[in-house]
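Here is the structure we will look at.
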Amino acid sequence: MSKPTGQDRFLILLDEHKKILFKVASSYCRNAADREDLVQEMVLQIWRSFHRYDDRHRFSTWMYRVALNVAISFYRSETRRSRTTVPAEDSILEIAAKVPESAALEDDLLLLQRFIEQLDELDRALVILYLDGNRYDTIAEVLGISETNVGTKISRIKERLRRDWTAHLRKEHSTWSSMT
Amino acid sequence: MELDDLKRSWEEYDRKLDASIRLNTRLLHGSVLGKAETALKRLSRLLLVDLLLSLGAAVWLGSFLWEHAAEARFLVPAVTLHLFVIALVIACIRQIVSISQVDYGAPIVAIQKRLELLQVERIRTTKWTLLLAPLVWTPLFIVTLKGLFGVDVYAAFGAVWLAANVVFGLLVIAVGVWISRRYAGRMERSSLMQRLLRDIAGHNLTAATAFLRSLSQFEDEESRAGLTTRCT
C-alpha cells in the first residue's frame, strides 16, 4: 500500500475539520459570494502554511489560527467585493439544500447570528472559539492572550448579551403594550 | 437569554452540520491547491515586479550620474530621482521581508498586528509616491530626455518653463489632496481608485492605526480591568 502524500494527508485533516471553515466563514460574511471567496482563501492559506504545522499540536487549534487570521484580514480588506476566484457554480464546501432544524433552533441561531454580527472582528473570533467548546487555555493559545484575559472577555461578552437581551425584551414589551 | 443557552443551540447545529457539509475534493485537487494564489502571495508578486523595475531605474540612474557628475544642472535632478528610487527600493524590500515573515499559524493578535503594520507601510509608500510624483516629473523629464535622446531640456525649453513645471507640480499635489479628501468615500465603482484616494486622504492610515490600537487594547484588557478594579 502506498504512503499518503502531503496533499492526501492535508485533505484528510481538512475533511475532518471542515466545519471550522464553514462556521468561521458564516460568522464573518453574510454574503454568499464573499463566504465562498473566504473559504477558498482560508483553504489556500492552510495549504500554503501546512509545511509549518507541527503535528505535536492539535490540528484544529492550528487550523483555527489560520482560518481566523485569514477571516479577520478578509473582513478588513476593502477589495473583497471585487475578488471572485472560484466560479459561482463550484464551491469548496458543498452544503445540502437545507440543514434540518427545528423552529426553536432556527430562532436561536438567528439570534446568535445577530449577536455575533454586532461584535468586532476580535471578539467575534473569541465567541466562535467559545461556542465551539474550546477550553480557555486553547482559546488563549489561538488568540495569543492570557487565559485570565480570555475569562475577563467572556464574562464581559456574556454581560453584554444579557443587557442586550433585557433591552430587547423591554422594547418588545413596550411595543406590545402600545398595541393593546 | 444567556450565552450558554446559545452555546447549546450552536452545539446542536454543529452536530447537524456533520451530515450536510461535504468537501469538494475534486475542485481542491483540480485547481485550487495547484494554481491559485493567496492574497498575500499576489501582493508579494506585485512588490517583486515593483522592486525589479525600481532596481533597473536605480542602475540606469547610477550610470547617468557617473556620466554627468561634473554638470550640476543634470546632477541635481538625477540625484533627486535616485534618492526617490532608492526610497522605493527600500520600501519594497521592507514589505517583501515583512510578508515573508507572516505565519498565519501564529497567534491571532501577533499576526494581525504584523499585517496591520504591513498595511501602514503600504499606505505610507503609496501616499508619498503619489504625492511626490508631480514634483519628480520635472527632474524625470530633464534626465530622461538627456539620457535617452541627448536633448538638453534647459536649452530646449528654458529655465522659466522648468520653474513653471515645479510650481504646477506643487499645485497638482494641493489639488490631489483636496480631491482625495472630498471624493475618497464616493468612488464605490472602483475599489482601486477608492483605495488610492483613501490612502492619500489618510483615511486608510487612520483606520489601520485605530485597529492597531484596538489590538493593543484587546491584548491588554486584563491589565486594564485590574487597574479599573484597583481604582474603584
Exposed GluC sites (Glu not before Pro) absent - longest run of chain B, DSSP non-H/G/I/E/B, at most 16 other C-beta within 10 Å: B:72-187
Other chains' Cβ within 10 Å of A:163-174 residues: what's the mean? 1
Which longest run of chain A has no exposed loop site in it, a site being trypsin sites (Lys or Arg not before Pro) in a DSSP loop with at most 14 other beta carbons within 10 Å, and the site itself not part of the run? A:136-180
Checking segment B:81-190 for trypsin sites (Lys or Arg not before Pro) in a loop per DSSP with at most 15 other beta-carbon atoms within 10 Å yields B:R186, B:R189
Take the Cα atoms of the protein assembly as shown, build their convex hull, and give its volume per residue in Å³. 234
Nearest 10 degrees, 0 to 90: helix B:191-201 Cα axis against chain B principal axis: 70
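Can you give the translational diffusion coefficient of segment A:96-180 in µm²/s, computed by Stokes-Einstein from the Kirkwood radius over Cα pairs at 4 °C and 1.567 mPa s?
Estimated diffusion coefficient is 86 µm²/s.
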Work out the FRET efficiency for B:I93 and A:L169 from their Cβ-Cβ distance, taking R0 = 45 Å, and round it to the nearest 0.05. 0.20
What nm value, rounded to one decimal, do you get for the distance between A:E159 and B:V166 when each label is placed 7 Å out toward the C-beta? 6.1
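Return the FRET efficiency for the residue pair B:L148, A:Y75: r is the Cβ-Cβ distance, R0 is 35 Å, and the value is rounded to the nearest 0.05.
0.15
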Degrees between helix B:203-231 axis and first principal axis of chain B (Cα, 0 to 90, nearest 10): 40
At 0.36 nm per residue, minus the direct Cα-Cα distance, what do B:N24 and B:V79 gain on full extension? Give it in nm, one decimal, please. 14.2 nm
How big is chain A on each of its three principal axes, counting only the C-alpha atoms and giving the largest first in Å? 73, 43, 35
Compute the acute angle (0 to 90°) between the alpha-carbon long axis of helix B:3-20 and the principal axis of greatest extent of the alpha-carbon atoms of chain B; round to the nearest 10°. 80
Within chain A, which DSSP H helices have Cα atoms that stretch 18 Å or more along the helix axis and a mean Kyte-Doolittle hydropathy of at least 0.5? A:59-76
Give the lysines whose C-alpha is closer than 20 Å to that of B:K41, dropping any in the same chain fewer than 8 places away, or say none. B:K113
At q = 0.09 Å⁻¹, what is the base-10 log of I(q)/I(0) for chain B according to the Debye formula with one equal point scatterer per Cα and no solvent? Please give it to two decimals. -0.64
Find the relative contact order for chain A and round it to a whole percent, using C-alpha pairs within less than 8 Å whose residues are 6+ positions apart. 22
For each pair in A:K19/B:K16; A:K158/B:K7; A:K18/B:K16; A:K19/B:K7; A:K23/B:K7; A:K23/A:K153, compute the distance between the two Cα atoms and list the pairs where it is over 18 Å. A:K23/A:K153
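Readers should treat all values here as calculations from the given coordinates under stated rules, not as data from a laboratory. Everything quoted here is computed from the prediction, not taken from an experiment. Here Cβ is always computed from backbone atoms with ideal geometry, including for glycine, and neighbour counts include all displayed protein chains.
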